[in-house]
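Where a number appears in this text, it was derived from the coordinates with a stated rule and is not lab data. Model, not experiment: these values are computed from the prediction. Neighbour counts are summed over all protein chains in view; Cβ atoms, including those assigned to glycine, are modelled from backbone coordinates with ideal geometry.
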Amino acid sequence: MSWETPSAIVLPVYVLIVLVGIYLIFRFAKNKTRKVSSLRLFIQVAAVFAVFMGLILGPFNVPIFQPLGSSPRDRLVGTNFFGTQFPDGLSVPILACYYPNGRTVTCPIWQIQAYIFPFWNYPRGYEVFYSTSGLEKLAIVFGLVAVVSVVLGRFFCGWLCPFGLYMDVLTRTRKALRLRHFRFSEKTNTALGQSRYIIIAVFLILSVIFASYAIFGTQLISGTRPSGPEGTEAGIVGNINEPFCLVCPMRPLCVLIECGLGSMKFSYVSQITYGPLWITGGYITSINLAILIAITILALAYRRFWCRICPLGALTALFSTFTPFKQIALTRLIKNEQKCTKCGVCKRVCPTQATQVYEKKGGDVTESRCILCARCVEICPYEDALELKVAGKTVMKSRNWLEQQKIDLEEK
Amino acid sequence: MVTINRKKVSAGIAIIVIILIFPWTCLNTQAETDITFNSADKFSIPSYNGAISFAVNGTYSKATFENDTWTFTNLRLNRSQPLENFKISTQNSNVTVFSYIAFNTTLQSARLRYAVEGKGEQIFNFGLGSQGGEWSGVDWSVITGNNVFMAEGEGWTISNDGTLVVTGVTGNVSIVHWGFSENSLPSSNLPSYLQHSVAIVIAMVVAVTVIVAIIIKVKSKGHSGEK
């Protein structure tokens, strides 16, 4: 590919398509219990285009990125706005993997790991220069994640995350194949939810251990001392300074899709894998491939399986559903105790098996497992029993669609 | 479930569409003094037995021919970023320029692509100034059509004033330069609040968000209490 498309054409057209699509869904969606689900699917797809807009805008075949093939990274939001202070891209709490071409925002988990490493005075990262310390960049990442989590909570998980879309596509595939899904027991589901926090803690501690030479001047694990000149990219220990990215399933998913589309060169990707059976590597490793396959199979059986253990979801939940952030979080799911008849439909349709919406009597029923997909609000057949509120304003509430269906049938 | 005022939504969409389309219509405006050219135009260098042409349409403010070199001011190829002061010459070969593209991110980079007919010499100067100094850091690459990166000194040279000479190459060629502008490099001359402006702004956003959230929470509790 060697064409370039001006942002001034693509971006307005993109926004127009999204707005028109939203309007059409609201205007013409017939199935009242699927309208929000349809809207959510549309917005998820639109979000994927937004996250990887650089693949559409190009330019392509830039020699400086020749080994990767097509598009540069950080096309829109990274260095254009923040310069050398924060050049790796805006932190948004979705799995907008750092590694694929054409992405516009960056996964905060990668950023946290990467900035732990060049903690003291390493001015150069991967094709970028830093004018701020790792500590300052970490503060920026946490600040951004905290702000968006307080404002929208895990809405990002339910409506914007590309890997969440992958999970939902797998669910729809399973439904099309008429296979039933499975449910974890409450105990297992709770344990999975708690494991998220352990996962993120473990990998952040590993980042510090692997960065020990940079931070403390001594190796905690041998072989982690930078081998190149100090203060340069070559000096950063390859492949293990972002340990979570070695196991994250999003990286191989993005890389494989982009290789399939021709916007990354698989020949280059495969060249930078090391060891027997591709144990480690710059992009794809046997470990993250195996995890992707495992997650895919499990997601066919259990809805939104990854979202139950996602460490990024844990980070978002930390800043939205735990004290003190819970007191000020702006996006909440509210239950009206008087209107609820305990029919249990909300519990059955919840993709992450969040149970507080059913078990708690009333009031704020948002919990850390809830991805705010609003499926429970959509399916609840009792008027005003459930409401999704943002900044105190109701943006969605349950309606008596059973009664409406009855009226529609009688009219026919 | 969701109540939508369709008139308001339609009006809102119409306004947003107008706002989005408006800047794009302005892009079509060109300076009235710019001169357009197309692929049929040839810029000859008779004494050097060479000629320059462009594969795409474009514009320039001024083109002068002096010392067997064509100098273009504000050259744009098919609405590319402008080359403000671009010098080009060719000996014993014909050059057809395909494209020019530039990035203005932290890693500033630009690429010129052209095709050469005849084994001769092509001379370019992009008006970037001289190399040297710790932070000017301008690096160059010359890549032939087979994706072969040519080492400096083996097919091309660069002088201190930024004049790049490519010798003995035919076919498709790309010249890439990348470096760091002095504006985007860390500079201790900037005041501290500018050096850390991103962190300061994010801290302010966090503070404002918390304050607004607390106010909204208090108001919501007040309304619930009244009910």
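Quick look at the numbers
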read-out	value
Residues B:Asp161, A:Asp364 arranged by fewest to most Cβ contacts within 10 Å	B:Asp161, A:Asp364
Segment B:35-179: translational diffusion in µm²/s, Stokes-Einstein, Kirkwood Rh over Cα pairs, 10 °C, 1.306 mPa s	104 µm²/s
Relative exposure of A:Lys360, B:Lys62, B:Lys87, A:Lys335, judged by other C-beta atoms within 10 Å (fewest first)	B:Lys62, A:Lys360, B:Lys87, A:Lys335
Theoretical FRET efficiency, 1/(1+(r/R0)^6), r = Cβ-Cβ of A:Leu220 and B:Ile215, R0 56 Å, to 0.05	0.75
Rounded to whole Hz, the Karplus (6.51, -1.76, 1.60) HN-Hα couplings of segment A:247-264, x for glycine and proline	10, 5, x, 5, 5, x, 4, 4, 5, 5, 5, 5, 5, x, 7, x, 9, 9
Segment A:330-411 shape via C-alpha gyration tensor axes, a/c threshold 1.5	prolate
Förster-model FRET efficiency, 56 Å R0, A:Phe49 and B:Lys119, C-beta, rounded to 0.05	0.75
Karplus (6.51, -1.76, 1.60) ³J(HN,Hα), θ = phi - 60°, over segment B:115-126, in Hz, Gly and Pro reported as x	10, 10, 10, x, 7, x, 9, 10, 10, 10, 9, 8
For A:Cys340, A:Cys346, order by how many other beta-carbon atoms lie within 10 Å, fewest first	A:Cys340, A:Cys346
Linear extension gain, A:Val10 paired with A:Leu179, 0.36 nm per residue minus alpha-carbon span	56.9 nm
About the Cα centre, charge dipole magnitude for segment B:35-179 (Lys/Arg +1, Asp/Glu -1 at Cβ), debye	500 debye
Filter on A:Lys175/A:Lys342; A:Lys30/A:Lys335; A:Lys187/B:Lys221; A:Lys342/A:Lys389; A:Lys137/A:Lys393; A:Lys347/A:Lys389 - keep pairs with C-alpha separation over 29 Å	A:Lys187/B:Lys221; A:Lys137/A:Lys393
³J(HN,Hα), Karplus 6.51/-1.76/1.60, whole Hz, each residue of segment A:152-157, x for Gly, Pro	10, x, 7, 3, 4, 5
